[in-house]
Structure formats: C-alpha cells, structure tokens
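This report refers to the structure that appears directly beneath it.
Just so it is clear, none of the values below were taken in a lab; they were calculated from the coordinates. Here the structure is a predicted model, which means the values were calculated and not measured. Reconstructed Cβ throughout: ideal geometry from the backbone, glycine too, with neighbour counts over all protein chains shown.
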Amino acid sequence: MTASFTPISSETPDPQENTKFTRIIILILAMLLLAFLIYGILNGWFLQWLTLPPTTTPIPTTANSASLIEQQGTDTPTSSPSPDLIASLPAPEATSEISQFVQGAIILSLKEGEYNHLFYCFPSNCQLSRLTNGSWDDITPSVSPDGKYLAFSSNRNGHWDLYQMNLSTGEIIQLTATPEYDSHPSWSPDGRWMAYESYVPDPATNIPNLEIFIREITSANPQSQTPIRLTEHPGADYAPAWAPGGRQIAFVSTRDGEEGIWVANLDDSDNRFQKINHNQSATNDHPVWSPDGHYLAWASSIEGMQNIVICDLSHPEEPPRVIGGGSWAAWDAFGKSLAVILQSPNQSYLTGYQFEPSQLALPLINLNHSAQGITWLTVALPQPLPESLQKAAIITPTPSYQKSLGASVNIPGQRKTVVLLNGISAPYPQLNDAADEAFYALQSEVIRKTGWDFLATLENAFVPLTSPLYPGMLDDWLYTGRGFAFSTAPINAGWVVVVREDFGTQTYWRIFLRNRFQDGSQGSPLHHLTWDFDARNSGDPRAYEQGGALDNIPQGYWTDFTQIALEYGWERLPALSSWRLALPSARYNEYVLTDDLSWYSAMLEVYPAEAVVTQTPLPPPTLTPTITPKPTRTMTPTITLIPTETLTPTKMLTITRAPTLTRTPTVTSTSLFSDTPRPATSTEP
C-alpha cells in the first residue's frame, strides 16, 4: 500500500479582502487629515495660509467720500474694503500686550472737580492726560474724519456753543455763537458739514425743544452760516451721528414716547425718518457708526442691564447683537474694536471690546470721574504737543475743600464729634465732623451752578439712635452722621425732577435741579424721560404696581445734582425692595459720604461698640391693632317641666275614671349667642 502525499501549494489572496483593507487605510488617513485641518482652523494659521499675502495698501477712508456720494448717491461707497481684505491686512505694531487696539488716542470728556474737560489716553497704558483747562465745561468730543481736528461743545463764553481744536497747533475757533444750547457735534464724511443738537423754540408753539441741525463749517466765518433744520417734532431729537456714506444721520428721539434710535435718510424726503430699534421696554442712547457704515452701535438699557448693541443694517430684521456692557462707545479705524464707557451707580470705567469675535480687549480702568463723551483719534497725536496743550496737561487742579477735624474733647476711643450745621434747617442739623466740610462745599457748588440754595432745608441729617426711621432702615447711614436727605418740597414745586436708573436688580435715582436763570447761561436741557412717583395715585393699576410711571421731558435748563454730589464724595443709595409700595423706601433723596467705610465702621466713629452691638429694635411708628377675643358660645341647658296628675272635683260623691294626662308645653331657655332659632310652642293631645 503506497501512501500518496498532496503537496501544499501557496494560497492566492482574496481580492475582496484586499479591497477592504485598502478602504480601512484610506479612512484612517482621511480622519487624520480632517483632524489636522480642524486643529489648524481652531488655531487660525490655516486661514492665514489660504488668504492672500499681507498687503501694505491702506484701507480707503471716508475723506474722499463726498465725491463717491456725488457719483453714486448711495449710503456706502463701492470702494469700501471687504471683510476678507480687512482680515488680510497686517496687524499694527502692538505697543502693549493688547494687540486688538490700533494706534491712536482715546479722547474723553471727564468731570474733574468743578468742571468737565477733555482728556486723552493711549490704549497701551491708558494714562489720562489733560487737553483743556479753565473755569468752564468741555463735553461731547468728536474727531474729524482726517484726524486733524477735534470738535466739542463748551460754555467757555457763557453759553453752550460748538468749538473746533486744531490738534497740530492747539488753536481753538468758535463754530457757533447762539444763546441756545448747541452740543454733540458729528462730522460729515468730507469734513465740510457738521450735525449737532440744539435747544430751540418751536416756530409754531414757541416751546423750546431739542432738535437736530446741520451747519457748514469750512467757510471763513462758520458762525455766519445759516443752519439747516433736520428735525421738527414735539419729541426730543438729539445725539446725531453722521454715517460714513454721507446720506444718513442716526439720532435719539422720544417722538413715539420712548427713547429710541432713528435714522434720517437725506435722499428720501417722503419717508425720511425710520426707527431702528423695536424693543418697547429698552432705553437707548449715543448711536455711532462703524467706519464702513455697515453697522450701527448704541447703548441700550433694558431690565437693569446696560449694554452696547450692534445692528447689521444689511439685515435690519435681525435683532441687535449685544457685544458687552457700556453706556457710550467709539469705533477704531478698522471697525474691529470699540472703546466703551461703562457706568456703575457711582463710578465710571473705560474698557474695550473686540467686535469679531466678541471678547474683552481692554480691562476695566477706573476713571475716577463722570464721563460726558468719548471719541477715538485713529492717528498719532503730534509729538511734541502744541504749547497750549502742554500747559493744560501739566495743570493739577486744587482740591475743592479741605477736611478739618475739630478737637474731640472728653471723647474716649478717639471717636469723632457730631457738629452743628450753620444755617441749615433740619430736625437734627448735625453731621459727623468728618463730613461737614464736604457738605458745605457741595452746598456752595450747587448755589453757584443753579443760582439757589437747594440744601438749605433738609428732611434729615444726623439721626440719633433714639429716633426711629421707617421699617427696613434700621441700619441706615443717617445714624452715622455721614448722610443727609434733602427736602422733597421742591419736587412738588417743579424745581426738582427724578430720573430712574436701573443697574441689575437695583434701582437708583438721578436728581436734576432747575436753574434759576433760564437763558442758557446755567445748566443744560434734559435728555431723558423723568419718573413720576405721583402716578401711583392716578388710578392706573399698572402705575400703582410699578411705583410710578415715566413722564415727559420737562422744559428748561437743569443741573445734574447727582453728578455734582459724586465729585464731592456724596453717593446715592439704591432703593429698598419695597419702594414700589412705600415711597420712603425709594431713598431717592438720600446721599452718603462713606469714605470707603462700612456702615458698622462709620457707626463706631460716633458711638461706642456697646451701643452699636446692643441696639434695641424700635417699634415702627404705626400702631399695631390688638386682636380682640371673641366671646365663648356656651349652651344653656334646657329646663323641661314634668307633667303631674290633677284630680277633677265633682258634685256627687262618685268615683270617676282617671283624668287624661295633658302634657304641659316645654319652655326652652335659649342662649343669647345661640345659632338655633327659638322653637314654637305646641300642645300635644
């Protein structure tokens, strides 16, 4: 038997298995390539590799926009750079760690001491330097399109007029000379015209109102030019902003009962005015255009949140986009960043945001002063500065008052005395010795600004611990001697108005005083709707629930008392949570000088620690009704008479059958407080 062997031959690979293996390899390579591309996009270098090489061609500015407008008659020139071109431009040389901001200078109007003046700072260090100085106010600055001039409003000649500063020479010329209030200038793209707000009487009713005017400023004598009236409406129109295209002007208006953003189309006389924002509950202010004219930014306050919003005018149906908190903004030259003034209840800050993508580009910088305008000079300031500007930069204002503490005689623990306020009418006309000089300085400044002594009569000054305040005010600052509450009587007389300001969940109040002289030499017109506390008694249930209602802008010239008080250290307080139900809880008339002290530390300045720690809560001034006990309902037992047998006498001595028992009616004695009715008398056979 022969064994046969079959040789083992090599197996041929299966084509299907080979194809499957190739697909797996290709899939793995594709996934690696996709991950590589995603990583590159997230880090930004892949987009830079795809774009064109950097070019040194500058972005077309609006200096020649006038010729473009004449050729096209449109709002935006066709030579405006595209977003891709902007992205391909090289970033400017960074002068600090903040590379989002271009070179140039941010110019602000800040109140320092008694007056507002112009300051500038560089985004690299934000060290403030003074541009103007004097015993007057300079507000609402605006840089010309070519960066050579600075327009602003000033009362240096007794009335509010427009002025122009040559940044190369420091020369200042006056553009308007009217007794009316002229402010908030805005340049046309070619620099020949200027839009501004003016407080003028209505031709028909002779009632003064804020309106928008346009004036030519390139003539030899701009004061002699006849202005063009753009708006004429009973509502207030103010804060104009000229579009880079030249054919639109944005402004704020109350013509529909709210502070909204409107745009005037200069080429459409039939449908000239159009409202941009459509949120009925928002308060809007300070519109400003992006350099390419595609976007309009403004400050919007709704439900206590103060934000800078941006509207894409190519898609007006979309809601405005929130970029960050703020109350006033200015664009950079490329439309990529905004410098922003951020207001808190008692402080102002400078910050900045990057537009695309939205992120913080500049940390919060404490300005230490109230701001009245911001603009961005996108070219370098001349170095060295003109001599007149150098002199203003080195001036340091003297303090408005000096604190002087009296001798604390026989007071242990180095506590301060409570001194008498001379010439002041109040239940206790006294203040802490550390606060009386600040009060006198504030009183003198208010008299100088308004022409009358607003603080001569106070509702409260120092309040002893033995004098109770309203419920919820046990730890009020009036007990420390560092606070005062002005009299509310001038409100009823129409000499004081209140403006509501919400910050988050807290409500604050801004106080304006009517000036004695209404010829434009004192104060300025109001720009915001006021708050009417008396509306809660009008019968309107909504006004009752809201603690009042918005009122119209009153006529005349007014002074911001809250702003003046803040410059002297006196801060306003937030309203208590019950202010809508109880008017004293609003605390709109109370101001305090904290000096960065806590309430407890301020109390220890005038009281020993034992008096503060062991203070006894005082009963509220209203009497609490006593609950009267109700009488107890006690049921009286029922008395029932038992019937007896009665013998009936007869004439005959005969025995008769027993008499029939007759049931005597039952008499029930009912209690006075019984709920059961008295039963009727009945007789049963």
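When the Karplus curve 6.51 cos²θ - 1.76 cosθ + 1.60 is applied with θ = phi - 60°, which whole-Hz ³J(HN,Hα) does each residue of segment 323-337 get, with x for Gly and Pro?
9, x, x, x, 10, 7, 9, 9, 7, 7, 5, 9, x, 9, 9
What's the exposure ranking of 613, 419, going from fewest to most Cβ atoms within 10 Å? Kindly include the intermediate steps, with their values, before the conclusion.
Working: 613 10, 419 19.
The order, fewest Cβ neighbours first, is 613, 419.
What percentage of all Cα-Cα pairs in segment 236-333 are separated by more than 18 Å?
Result for the distance tail: 41 percent.
Does segment 155-273 classify as rounded, prolate or oblate by the C-alpha gyration tensor (a ≥ b ≥ c root eigenvalues; a/c under 1.5 gives rounded; else a/b over b/c gives prolate, otherwise oblate)?
Values: a/c = 1.95, a/b = 1.34, b/c = 1.46.
Judged from the Cα gyration tensor, segment 155-273 comes out oblate (a/c at least 1.5, b/c at or above a/b).
Suppose every Lys and Arg Cβ carries +1 and every Asp and Glu Cβ carries -1, with no other charges. What dipole size does segment 105-393 come out with about its Cα centre, to the nearest 20 debye?
For this selection, approximately 680 debye.
Within a 10 angstrom radius of the beta carbon, how do 498, 340 rank from fewest other beta carbons to most?
Listed from fewest to most nearby Cβ atoms, that is 498, 340.
Can you list the HN-Hα couplings for segment 282-299, worked out from phi with the Karplus curve (6.51, -1.76, 1.60; θ = phi - 60°), rounded to whole Hz and with x for Gly and Pro?
Working through the residues one at a time gives 9, 10, 10, 6, 6, x, 8, 8, 6, x, 8, x, 7, 10, 10, 10, 7, 8 Hz.
What percent of all Cα-Cα pairs in segment 412-613 falls into each 10 Å bin, going from 0 up to the bin containing the maximum distance?
Over segment 412-613, the share of Cα pairs per 10 Å bin runs 8, 33, 35, 19, 4, 0 percent.
What's the center-to-center distance, using Cα atoms, between segment 484-562 and segment 304-341 in Å?
Comparing the Cα centres of segment 484-562 and segment 304-341, I get a distance of 29 Å.
Return the distance in nm (one decimal) between the two label points of a simple spin-label model at residue 517 and residue 168, each offset 7 Å from Cα along Cα→Cβ.
Those two pseudo-labels are separated by 3.9 nm.
Test of understanding: ordering 336, 275 by Cβ neighbours within 10 Å, fewest first, what list do you get? Don't skip to the end; give the middle numbers.
Details: 336 19, 275 13.
Starting with the residue having the fewest Cβ neighbours, the order is 275, 336.
Measure out, as a whole number of angstrom, how far apart the alpha-carbon centroids of segment 419-445 and segment 288-303 sit.
Answer, in whole Å: 44.
When a/c is below 1.5 the answer is rounded, else prolate if a/b is larger than b/c, else oblate, so apply that to segment 413-475 with a ≥ b ≥ c taken from the square roots of the Cα gyration tensor eigenvalues.
The shape class here is oblate.
Please tell me the relative contact order of segment 412-613 in percent, rounded to the nearest whole number, where contacts are Cα pairs under 8 Å and at least six residues apart.
After rounding, I find 21 percent.
Over 31 Å apart: what share of the alpha carbon pairs of segment 105-393 falls there, rounded to a whole percent?
Of all Cα-Cα pairs in segment 105-393, 23 percent lie more than 31 Å apart.
Under 5 Å between amide H atoms, partner at least 5 residues away or on a different chain: which partners does residue 526 have, H built in plane at 1.01 Å?
Close amide H contacts, sequence-distant or interchain: 558.
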